[in-house]
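Heads up: the structure comes next, in structure tokens.
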Amino acid sequence: MTLWTSLQNATGWNAGLDTARGRVGGAAVRILADRRENSPASAEATGLEVDKLNHNYVKNYMDHYLDMYKDAVGAEFIGRRGIRYVITDSWEAANQNWTDDMVISSRCGALRSAAWMPVLAGRVVESAEASDRFLWDFRKTIADLIADEHYGQLEASLKERGMGHYGESHEDHRAFVADGME
């Protein structure tokens with residue numbers, strides 16, 4: 001999901017399907033599912049991108065994906081005696097900056113207050129410095145969620161099956177909010 005913001009104009013702001021909507025301080029805020037499909041991937045592994053900021057969705061995805069391997073080779077060949085590692089490719093999914101429980105899981109206290117949402121649309125709230133601090137916290141929250149909710153859950157799911165993980169580093173020409181080495 002992606003958080004989209006726009007300054008409200010006379011006709012309103014409308015862009016695609018919205019899953020949540022709010023108006024704060026003249027800014028329209030909508031959360032959109034961008035319906036992005038993963039790639040490159042084999043046909044049986046192609047589908048909508050998983051919400052990488054929510055460990056529940058990552059766990060469900062990993063359980064399903066790893067069960068396909070288990071069904072193909074048998075449980076005895078997953079882990080110590082068979083497939084021992086999963087390699088994750090570089091990040092081709094573009095950026096994700098929202099999840100359905102973002103406010104609840106946020107390490108960014110200001111995110112819990114709707115008063116700061118106009119900053120995401122380029123507005124200044126309180127002061128330029130305060131708005132910059134909010135944006136720093138917002139971006140750090142996303143980075144932390146990617147590290148913990150995506151990679152942390154990916155590691156936990158593999159560990160449950162006695163498997164390890166290697167990750168390809170992130171490319172240098174892609175905008176990425178998280179620390180690929182964390």
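At a glance:
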| quantity | calculated |
| --- | --- |
| Matching entry among Leu135, Leu145 (being more than 27 Å from Tyr61 (Cβ to Cβ) and at pLDDT below 90) | Leu135 |
| Output for segment 126-168, where each listed residue is aliphatic (A, V, I, L, M), free of Cβ contacts under 8 Å to residues at least 60 places away in the same chain and either buried (at least 17 other Cβ atoms within 10 Å of the Cβ) or closer than 30 Å to Thr88 by Cα (or both) | Leu135, Ala143, Ala147 |
| Contacts under 9 angstrom Cβ, first residue in segment 44-60 being farther than 25 Å from Lys140 by Cα and modelled with pLDDT of 90 or more, partner charged (D, E, K, R) and in a helix (DSSP H, G or I), 6 or more apart | none |
| Condition met for Tyr166 (closer than 20 Å to Leu48 by Cβ and either modelled with pLDDT of 70 or more or over 17 Å from the mean Cα position of the chain (by Cα) (or both)) | no |
| Top-ranked residue in segment 33-78 [being in a helix (DSSP H, G or I) and polar (S, T, N, Q); ranked as surrounded by the fewest Cβ atoms within 10 Å (Cβ to Cβ)] | Asn56 |
| Conditions (1) surrounded by 13 or more Cβ atoms within 10 Å (Cβ to Cβ); (2) at pLDDT 55 or above; (3) not basic (Lys, Arg): number failed by Thr88 | (1) |
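The values are calculated or read from the model by the stated rules, or taken from the named source; none is laboratory data. Source: prediction; values computed, not measured. Cβ sites come from the backbone with ideal geometry, for glycine too, and all protein chains shown count toward neighbours.
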